[in-house]
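*Asks:* Quick one: this structure, given as structure tokens, is what I'll be asking you about.
Values quoted throughout were computed directly from the atomic coordinates according to the rules given, and no laboratory measurement underlies them. Note that the structure is a prediction, hence the values are computed from the model and not measured. Here Cβ is always computed from backbone atoms with ideal geometry, including for glycine, and neighbour counts include all displayed protein chains.
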Amino acid sequence: MSRFGIARLDEPAANRRHRPDYILIVYVLILMALGAVTIFSVGPQHANLLNNAIGSHYSSNYFFIKQIVSLALSLVAFVLAAAVPYKYFLRYSGTLLVIGLAACLLLFGAQLAHLGIAECTLGACRWFNLGPLGSLQPAEILKFGLLVYLAAFLGAKLQKGDINEVKTTLLPVAWVTGLALLFIAVIQKDLGTAISLAVIVVIMLIMSGVSWKILGAVFGIGLVVGLLFIVSEPHRLQRVETYIQGDSASTNSGSNYQSQNAKIALGTGWWLGLGVGNSIQATGYLPEAINDSVFAIMGEMFGFIGVTLVIVLFVALLMRILRVMDHLADQRLKLLAAGVFGWFGAHVVLNVAAMIGLIPLTGITLPLLSFGGTSMLFITAAVGLVFQLSGYTNYATNQKEETHEDSGSRRGIGRTRYASRRSS
Amino acid sequence: MKLELIKGSRSRILAGCLMAVAVLFAVRLFYIQIIQHDYYQQLADSEQIKRLTIPAQRGMIYALSGSQPVPLVMNETVYTLFADPATVTDVQGIIKTVESVAGGNARPNLDKLLTTPNSRYQILATKLTTAQAEAIKKKGLEGIGFQQGSQRVYPEGGLAAQTLGFVDANGDGQYGIEGGLDAELKGKNGLLQSVTDIASVPLTIGSRNVKQPAVNGKNVVLSIDRNIQSYTEGALSRQLTKIGAPDGSVIVMNPQNGQVLAMANWPTYDPSTFNTVTNPSYFNNSVISSPYEPGSDIKTFTMATGIDTGAVTPDSTYNNTGVVNIDGIDIHNAPGDTQFGNITFQTAMNWSLNTGFVTVAERLGDGQNITLKARQTMYDYFYNRFKLGQLTGIQLAGELPGIIIPPSSPDGNAVRYSNMAFGQGLDVTMLQVASAFSSLVNGGKYYKPTVVAGSVDEYGDYHPAAPETPTTYIKPSTANQVRDMTHVARTTVFVGADRPGYYMGGKTGTSQAIVNGRYSNTDTVATYLGYGGTKNETKYVIMVRVSGPHFMGSGAAAAMPIFTDISNWLVRYLNIPPQ
């Protein structure tokens, strides 16, 4: 099986920059457009709902316009992440991590000092309130920082062959991850973001070649810690209880309400949905209709065919990232791509699984589709980074091509990426 | 460097996991969206579809003024002002505005209501007029809203209160025509079944919306003439005040078509403030809902029975000894009897002698006893032909039937029927008596009494109801003879009471009231049953009752003057040319 390849890995610099994978952009833009259409059509209902409920004065296009602004900013972030040479990300990976941690620390400080800049709900402060600029979620900066830092750190260890060293490799990773989780899970009480951060780290560990034995131990520890977290917070326990009770729980009980109404939204969608702009659940029945529950609203409007297509798009995008990862020779870059895969994948899987009642609600956004600034900005930037990396892939060996047959590649065996492009 | 990394087997594992999850999602989505579609659609319907009622406007109630309908009961749009304390911004501004505009309609302690924590709905003022609501709306205050409602207004005040009844807080008609024709007046509420948002605001999404327009209630025109009603109420209260009687009722009917022209009761109330009435008996229309022992008025029916069967004539004679013995029980005339010896039944009628009418009852049988045949004949006339002791079916709520005991009952013996011959031992209502009497003064035609003259359509046009078809139960000659007898009875005793040129007649009634099942020695029921018009045609029947706790009075002294008062006014009002 290993006729080629080893030599190439040892000389990453040999891969010169080539035309990146524009398909990535296509997927990103399609998903963004779908999200914008959804928010355009339910934004007025959402504005109306909030105006009635809290006496606000949102105009009917408020949420759509804000989403367009968010999308534009996200695309700028994408371009920046794609344009700034990756070596700078790696060089300043430590700084990025420190910025992320510092932002979280700052938020915590603001929370303790009861400053208005800390935006809190139910005793958990997760956002900086930047007034007219909107709000900023420092956990997203931290995720990005940790991702880049671990890529640089683990990549270096991998080059040295120290990847399974507990003391020099795994413990530092555990410490820095633990510190990040302390902020996100304990202080900000944001279990969804914590899980996605843990998934990023685990995927990166998997792809860095850490032995399965160690990964098993990591998984075991993570499970125990996760359970402790669930049990320690009544509202998390309640969500899990709700989940276990499933449909038998009454629609009116508070915690089951969102889960049940998400399924009602999906269930009424049937094959083709009620059509754009015809969502009824978004008129107030389904909480977070334009944020965390946007997938269920899409299921209502576009039906089974529509949301299956959305899932296909997500899977295609993720496969594309995986494909880029596979063809990166530099381990650091490979791990960067792996982290982005984990990040994006965790959001998609956790969000959709919660909407269709497979797991309890975690309060996590659906990338590129959900209304929201920070989360979209950073996840799009992360994909932008992968886009940049897709310009440094190496497709020289037939062997590598073969590995992608299962990954949904439509190209034939043995042809280079460029050959296929030009011939199609 | 591990081989598996180079071959990409770990990334294959990730890809495999991703595909597995994607397939799992697709299967789960198929299950929720396709297989369980009906189940979730049902849940959605129960949550999203609201049924809103489109209120039907309640029909108006008119009286007649001559032949023109005039409104007695109308609707007025009123508003309830509510606030959502969670979205209220200017508490002091709202308090200031509401207190200055709504005045007494505002609820006390607005301050507290507006700052109620965790509340989304507080009523600030009720029964605001459109002008008041507009004035408040104009201020543009946040967090307040209006609910539209309707209430009854009475342009004629308390006129014909017991005939009208009222509409309670639930929108249901109570008493009178409001209760009796409640369904017709109410109309049919429309239905708006609509998919709504969570705040129940209808949405125009999908095809599940149903709209059924409301059918407004029918506008009813009563046969009550507002002028006759008004004069009658005045005449009743004047006389009751004068003689200090606590309780009285009057009914004025047109004997030529069975229409009730006036029904007055005292004490009375104002329907617009029905909720302040402490004694619910004020709501009762005693004319239809207080059966009583009618007393001597009934002698006219006994006489009609005797004449119609051929047993007696007005000029037949009998020997008045002042007492008749029936099955061992002595029946006396009222004190003051001076007409002893062989006298005619006309004389017995004039002086209201009980013995005369017991004799008529005897002559219905074998002449000596009130046989079963006599009793069956009396029952046939009283119950089947004069419709006494049974519901007339008038369109008002609360009518009671009274009772006449049939001869087949063990209680329906000769003693009871001898008493019934002069008006005791049976319970009837004034409406029954007045309706039956109408058939004696109109030539023998019985009209089912009615209080409805027609309707007013949505364009305001008056459509009189089809006239009632009468039933003839007695010979016209019988009716005319009894009519003449009561004319003689009236003119013999009350000389000069009536306007000259007209033809009036009547019969007094004085009976002991039954209190707790026994004849009371302190309470009487004084009645007068009479008619007026010309010799050729009777134009009206008036029946008066004066009674009440600790009231002692005779039909002649207490009730008759009210008849005379109304009758002499009525001939003028009805423009009856004297003969």
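*Asks:* Using the beta-carbon distance between A:LYS213 and B:ALA199 and R0 = 35 Å, what value does 1/(1 + (r/R0)^6) give for FRET efficiency, to the nearest 0.05?
*Replies:* Plugging the Cβ-Cβ distance into 1/(1 + (r/R0)^6) gives 0.05.
*Asks:* If you don't mind, another one. Mind checking the angle between helix A:62-83 and chain A's longest principal axis? C-alpha axes, 0 to 90 degrees, to the nearest 10.
*Replies:* Relative to chain A, helix A:62-83 is tipped by roughly 10 degrees.
*Asks:* Debye calculation, C-alpha points only, no solvent: report log10 I(q)/I(0) for the stretch B:320-421 at q = 0.15, 0.18, 0.20, 0.22 Å⁻¹, in the same order as the q values.
*Replies:* Those come out to -0.67, -0.88, -1.00, -1.11, one per q.
*Asks:* Which Cys in the protein assembly as shown stand alone, with every other cysteine's Cβ at 4.7 Å or more from theirs?
*Replies:* A:CYS104, B:CYS17
*Asks:* Something else: Consider a paramagnetic label point 7 Å from the Cα of B:ASP172 along Cα→Cβ; state which residues of the stretch B:56-88 have an amide N under 13 Å from it.
*Replies:* none
*Asks:* Here's something else I'd like to know. Given the -39500 (n - 2.57) contribution per DSSP H run of 4+ residues, what per-residue ellipticity at 222 nm results for chain B, rounded to the nearest 500 deg cm²/dmol?
*Replies:* Details: 19 runs with 188 residues, N = 579.
Dividing the helical sum by the residues of chain B leaves -9500 deg cm²/dmol.
*Asks:* Using just the alpha carbons, could you tell me how many Å³ per residue the convex hull of the stretch A:56-133 encloses? It would help to have the intermediate numbers written out before the result.
*Replies:* Values: hull volume 9.0 nm³, N = 78.
Enclosed volume per residue, from the Cα hull, is 115 Å³.
*Asks:* Still on this structure: Students often forget the sequence filter, so: which aspartates and glutamates lie under 15 Å Cα-Cα from B:LYS445 once same-chain residues fewer than 8 apart are removed?
*Replies:* B:ASP308, B:GLU468, B:GLU537
*Asks:* Kirkwood hydrodynamic radius, computed over distinct alpha-carbon pairs, for chain B: how many Å, to one decimal?
*Replies:* Taking every pair of different Cα atoms in chain B, averaging 1/r and inverting gives 28.3 Å.
*Asks:* Sticking with this one: Could you count how many Lys pairs in the stretch A:84-232 have their Cα atoms under 29 Å apart, skipping same-chain pairs fewer than 8 positions apart?
*Replies:* 13
*Asks:* Using the charge dipole of chain A (Lys, Arg: +1 at Cβ; Asp, Glu: -1 at Cβ; taken about the Cα centre), state which of A:ALA381, A:HIS57, A:LEU133 has its Cα farthest towards the positive end.
*Replies:* Of A:ALA381, A:HIS57, A:LEU133, it is A:ALA381.
*Asks:* For every helix of n ≥ 4 consecutive DSSP H residues, a contribution of -39,500 (n - 2.57) applies; sum these over chain A, divide by its total residues, and give [θ] at 222 nm rounded to the nearest 500 deg cm²/dmol.
*Replies:* -21500 deg cm²/dmol
*Asks:* Write down, largest first, the equivalent ellipsoid semi-axes of the stretch B:142-291 in whole Å, where each equals the square root of 5 times an eigenvalue of the alpha-carbon gyration tensor.
*Replies:* Value: 42, 18, 12 Å, ordered largest first.
*Asks:* Residues in the stretch A:188-214, backbone N under 15 Å from the label point at A:VAL240 (7 Å along the Cα-to-beta-carbon vector): list them, ranges by number please.
*Replies:* Answer for this model: A:191-192, A:195.
*Asks:* While we're looking at this one, here's another question. What does a probe at B:THR522 reach in the stretch B:548-563, counting residues whose amide N is under 19 Å from the point 7 Å along Cα→Cβ?
*Replies:* B:548-554
*Asks:* Would you work out which of B:THR126, B:SER194, B:GLY548 lies farthest towards the positive end of the dipole of chain B? Charges go on Cβ: Lys and Arg +1, Asp and Glu -1.
*Replies:* Going by the Cα projections, it comes out as B:SER194.
*Asks:* Taking all pairs of distinct Cα atoms, average 1/r, flip it, and tell me the Kirkwood hydrodynamic radius of the stretch A:26-74 in Å to one decimal place. Spell out each step's value before the answer.
*Replies:* Details: mean 1/r = 0.0890 Å⁻¹.
Taking the inverse mean of 1/r over all distinct Cα pairs, the stretch A:26-74 comes out at 11.2 Å.
*Asks:* While we're looking at this one, here's another question. Counting other C-beta atoms within 10 Å, and keeping those with at most 12, which DSSP coil chymotrypsin sites (Phe, Trp or Tyr not before Pro) do you find in the stretch B:393-473?
*Replies:* The qualifying sites are B:TYR459.
*Asks:* Turning to a different aspect of this structure: Taking the Cα-to-Cβ direction at B:ASP484 and at B:THR241 and moving 7 Å from each Cα, how far apart do the two end points lie in nm?
*Replies:* The answer from the label model is 4.3 nm.
*Asks:* So, one more: Please get the size of the charge dipole for the stretch A:84-232, origin at its Cα centre, with Cβ charges of +1 on Lys and Arg and -1 on Asp and Glu, quoted in debye to the nearest 20.
*Replies:* 320 debye
*Asks:* Quick one: length gained pulling A:VAL225 to A:ASN61 fully straight, 0.36 nm per residue minus the C-alpha distance?
*Replies:* Stretched out fully, the A:VAL225 to A:ASN61 stretch lengthens by 54.7 nm.
*Asks:* For chain A, go through all pairs of different Cα atoms, get the mean of 1/r, take its inverse, and jot down that Kirkwood value in Å. Intermediate values should be presented prior to the final figure.
*Replies:* Working: mean 1/r = 0.0444 Å⁻¹.
The answer is 22.5 Å.
*Asks:* If you scale each eigenvalue of the Cα gyration tensor by 5 and take the root, what three semi-axes come out for the stretch A:84-232, rounded to whole angstrom and sorted largest first?
*Replies:* Value: 29, 20, 11 Å, ordered largest first.
*Asks:* Could you tell me the convex hull volume per residue, in Å³, taken over the Cα atoms of the protein assembly as shown? Display every interim value, and only then the final one.
*Replies:* Values: hull volume 229.4 nm³, N = 1003.
Cα-based convex hull of the protein assembly as shown, divided per residue, equals 229 Å³.
*Asks:* In addition: Pop the C-beta distance of A:VAL84 and A:ALA33 into the FRET formula with R0 = 25 Å and round what comes out to the nearest 0.05.
*Replies:* Calculated value: 0.45.
*Asks:* Here's something else I'd like to know. If R₀ is 60 angstrom, what is the calculated FRET efficiency for the pair B:HIS550 and B:ILE123, using the beta carbon separation as r and rounding to 0.05?
*Replies:* 0.85
*Asks:* For the stretch A:64-102 and the stretch B:553-579, what is the separation of their C-alpha centers, rounded to whole Å?
*Replies:* Centre-to-centre (Cα) distance: 104 Å.
*Asks:* Roughly what angle does helix A:138-160 make with the longest principal axis of chain A, taking Cα atoms, 0 to 90 degrees, to the nearest 10?
*Replies:* Compared with the principal axis, the helix lies near 20 degrees.
*Asks:* Shifting gears a bit: Between the helical axis of B:9-30 and the dominant principal axis of chain B, each derived from Cα atoms, what acute angle in degrees is found, rounded to the nearest 10?
*Replies:* The angle comes out near 10 degrees.
*Asks:* Run the numbers for B:SER409 and B:LYS211: contour at 0.36 nm per residue of separation, minus the present Cα-Cα distance, in nm.
*Replies:* Extending this stretch completely gives an extra 65.5 nm.
*Asks:* Further question: State to the nearest 20 debye the size of the charge dipole of chain B about its Cα centre, where the only charges are +1 on K and R beta carbons and -1 on D and E beta carbons.
*Replies:* Computed about the Cα centre, the dipole is about 1620 debye.
*Asks:* Here is a further query. Name the residues whose placed amide hydrogens come within less than 5 Å of the amide hydrogen of B:SER223, ignoring near sequence neighbours (fewer than 5 apart) on the same chain.
*Replies:* B:VAL452, B:ALA453
*Asks:* A follow-up question, please. Nothing charged except the Cβ atoms of Lys and Arg (+1) and of Asp and Glu (-1): what's the magnitude of the dipole of the protein assembly as shown about its Cα centre? Round to the nearest 20 debye.
*Replies:* Values: 73 positive and 64 negative charges, 981 e Å.
Magnitude of the dipole: close to 4720 debye.
*Asks:* Search the structure for amide H atoms under 5 Å from the amide H of B:VAL70, placed 1.01 Å from N in the peptide plane, and list their residues when 5 or more places away or on another chain.
*Replies:* It is B:ALA63, B:LEU64, B:SER65, by chain and number.
*Asks:* If the cut-off is 24 Å between C-alpha atoms, which lysines fall inside it for B:LYS188, apart from same-chain ones fewer than 8 positions away?
*Replies:* Answer for B:LYS188, where 24 Å is the Cα cut-off: B:LYS50, B:LYS127, B:LYS211, B:LYS218, listed by chain and number.
*Asks:* Per residue Cα convex hull volume for the stretch A:278-401, in cubic angstrom?
*Replies:* Numbers: hull volume 14.8 nm³, N = 124.
That works out to 119 Å³ per residue.
*Asks:* Sequence-distant or interchain residues sharing an amide H contact under 5 Å with A:TRP127, placed H: which?
*Replies:* A:GLU119
*Asks:* Right, another one. Putting +1 on Lys and Arg Cβ atoms and -1 on Asp and Glu Cβ atoms, find which of A:SER259, A:PHE304, A:THR283 reaches farthest to the positive end of the dipole of the stretch A:252-369.
*Replies:* A:PHE304
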